[in-house]
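**Q** Here it is: the structure, laid out below.
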Amino acid sequence: MIIDLSQPITEDTPVYPGDPSVQIKQAGELTKDGFCDHVVTMGTHVGTHIDAPMHMLEGGTPLADISPERFVARGVCVDVRGSFDGLYAADIREGDIVLLYYGYGDKYHTAEYFENFPS
C-alpha cells in the first residue's frame with residue numbers, strides 16, 4: 001500500500017516567511033475557451049516537498065538526479081512527541097523510511113508553524 005502524505009497546494013498554502021506566496025490563476029475556461037487550464041506560480045519549497053542535497057550543499061545532487069524509487073519503501077512512523085524513546089522499540093529495518101511524528105502538522109495553517117519547528 002502506498003500512502004500519499006502530501007498537502008494540497010492552494011493559494012492558502014503556508015509559505016516560509018520571505019518566500020513568494022502561491023498564486024493560481026485561471027488561464028482557460030472550458031465553456032469559453034474549450035479547455036480548462038491554470039497557471040501556478042510558487043517557490044520550490046512550498047507545501048510538501050523534498051529538499052535535494054543541492055539545496056544546502058555546494059555540488060550536492062539535484063532532485064532530478066535521484067530516482068523516484070528511492071522514495072518508495074516500507075514506512076515506519078514513530079511517535080516522538082515529547083520523547084525519542086519510541087525509536088528504540090520501533091521495528092525499523094534496513095531500507096525502511098522512518099517518519100518521525102512530532103504532532104507539528106496541527107500547526108500547519110498557523111504563524112507558529114514556521115517557528116521552533118523540529119528539524
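The values are calculated or read from the model by the stated rules, or taken from the named source; none is laboratory data. The shown structure was predicted, so the numbers you read here are calculated from the model rather than taken from an experiment. Counting neighbours? That spans all protein chains shown, and the Cβs are built from the backbone with ideal geometry, glycine included. What goes into the accessible areas is simple: the full protein's heavy atoms, side chains included, and nothing from ligands, DNA or RNA. Shrake-Rupley method; radii C 1.70, N 1.55, O 1.52, S 1.80 Å.
**Q** Run the accessible area of the chain with a 1.4 Å probe and give the carbon-and-sulfur part as a rounded percent. Could the numbers behind the result be given before it?
**A** Numbers: 5170 of 9510 Å².
In the chain, the share of accessible area belonging to carbon and sulfur is 54 percent.
**Q** Between Asp79 and His38, what is 0.36 nm times their sequence separation minus the Cα-Cα distance? Round to one decimal in nm.
**A** Values: separation 41, 0.36 × 41 = 14.76 nm, distance 3.86 nm.
Full extension of this stretch gives 10.9 nm more.
**Q** Moving on. Hey, of (i) 29, 18, 12; (ii) 32, 19, 17; (iii) 28, 14, 12, which did the structure itself give for semi-axes √(5λ) of the Cα gyration tensor in Å when calculated?
**A** The value computed from this structure is option (ii).
**Q** Now a separate question. Assign unit charges at the C-beta atoms only (+1 for Lys and Arg, -1 for Asp and Glu), then state the dipole size of region 13-62 relative to its Cα centre in Debye, rounded to the nearest 20. Before the final figure, lay out the partial values.
**A** Details: 2 positive and 6 negative charges, 25 e Å.
Its charge dipole is roughly 120 debye.
**Q** Would you give the gap between the C-alpha center of region 85-111 and the C-alpha center of region 40-79, rounded to a whole Å?
**A** 17 Å
**Q** Right, next: Rounded to the nearest 20 debye, what is the charge dipole size of the chain about its Cα centre when +1 sits on each Lys and Arg Cβ and -1 on each Asp and Glu Cβ? Walk me through the numbers before you get to the answer.
**A** Values: 7 positive and 19 negative charges, 18 e Å.
About 80 debye.
**Q** Determine the per residue accessible area of region 22-95 with all protein chains present and a 1.4 angstrom probe, expressed in square angstrom.
**A** Details: 5900 Å² over 74 residues.
Result: 80 Å² per residue.
**Q** Here's something else I'd like to know. With each run of n ≥ 4 DSSP H residues scored as -39500 (n - 2.57), what mean residue ellipticity at 222 nm is computed for the chain after dividing by its residue count and rounding to the nearest 500 deg cm²/dmol? Show your work: numbers first, answer last.
**A** Values: 2 runs with 8 residues, N = 119.
It comes out at -1000 deg cm²/dmol, rounded to the nearest 500.
**Q** Tell me the label-point distance for the pair Met54, Asp4, using the 7 Å Cα-to-Cβ offset, in nm and rounded to one decimal.
**A** If labels sit at Met54 and Asp4, their model points lie 2.6 nm apart.
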